[in-house]
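One structure is given here, and the rest of the page talks about it.
The values are calculated or read from the model by the stated rules, or taken from the named source; none is laboratory data. None of the values given here were measured: they were computed from a predicted structure. Ideal geometry is used to build each Cβ from the backbone, glycine not excepted, and the neighbour counts take in all protein chains shown. These accessible areas exclude ligands, DNA and RNA; they are computed on the full protein's heavy atoms, side chains included. Shrake-Rupley method; radii C 1.70, N 1.55, O 1.52, S 1.80 Å.
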Amino acid sequence: MTRDDDDSIGTVTVLATLVEADDPDPDDLTTAAEALRETLADRVDPVDRGSDGGSTTPLGYVTFAVPEADASLVEAATSYTVARRRTNVFPLVYDCERETLHRHEVPRLKGRGIYRRQARDAERLFDV
């Protein structure tokens with residue numbers, strides 16, 4: 001868990017975790033993402049004031065490192081509803097065989113700052 005300032009979205013608190021599971025399925029991913037959302041909501045008060053005077057943006061990353069990423073697992077991760085209950089949780093899937101990280105794409109419209117941050121954090125987490 002860390003806290004820092006982001007030029008585009010303000011003060012962020014980031015919580016990241018790695019899930020160890022044998023042959024996870026989309027339900028496992030959703031369950032883990034929701035559990036991380038609960039933990040994030042419990043640990044971060046979004047009305048805390050950041051150094052920029054605005055509220056803190058809670059970001060969570062739940063990562064599944066799998067030998068080979070099944071298409072249904074990747075689809076579950078990349079279509080997961082990120083923003084809910086004043087938290088932002090991004091499931092990530094790392095395919096060890098292909099050395100590929102699957103994450104949410106940056107949208108062309110509203111909310112791009114959070115998704116850009118996710119892309120930068122994913123690169124830092126996995127040095128890809």
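The set of residues in the range 71-88 that are under 17 Å from ASP6 (Cβ atoms) and not small (Gly, Ala, Ser) comprises VAL82, ARG86, THR87, ASN88. So, of the residues in the range 36-60 that are in a loop (DSSP other than H, G, I, E, B) and hydroxyl-bearing (Ser, Thr, Tyr), which turns out to be modelled with the highest pLDDT? Among those residues, the one meeting the criterion is THR56. Residues of the range 68-92 being part of a loop (DSSP other than H, G, I, E, B) and surrounded by 11 or more Cβ atoms within 10 Å (Cβ to Cβ), which ones? Residues satisfying the conditions are ALA69, ASP70, TYR80, VAL82, ARG85, ARG86. The single condition among (1) part of a strand (DSSP E or B); (2) in contact with a helix residue (DSSP H, G or I) (Cβ under 6 Å, 6 or more places away or on another chain); (3) at pLDDT below 95 that ASP4 does not meet is (2). Taken together, the residues in the range 98-115 that are under 22 Å from GLY10 (Cβ atoms), modelled with pLDDT of 85 or more and not β-branched (Val, Ile, Thr) amount to 4. Could you list all residues from the range 98-125 that are out of contact with any Lys or Arg (no Cβ under 6 Å at 6 or more places or on another chain) and assigned to a loop (DSSP other than H, G, I, E, B)? Correct list: ARG98, GLU99, ARG103, HIS104, GLU105, PRO107, ARG108, LEU109, LYS110, GLY111. The selection criterion, being open to solvent by less than 20 Å² (accessible area, probe 1.4 Å), closer than 21 Å to PHE126 by Cβ and modelled with pLDDT under 90, does not hold for ASP95.
Restricting attention to the range 19-40, which residues are closer than 17 Å to TYR94 by Cα and of a type in the set (A, V, I, L, M, F, W, C)? Scanning the range 19-40 gives VAL19, ALA21, LEU29, ALA32, ALA33.
For the range 12-35, taking the residues that are part of a loop (DSSP other than H, G, I, E, B) and open to solvent by 70 Å² or more (accessible area, probe 1.4 Å), the one that is modelled with the highest pLDDT is identified as ASP23.
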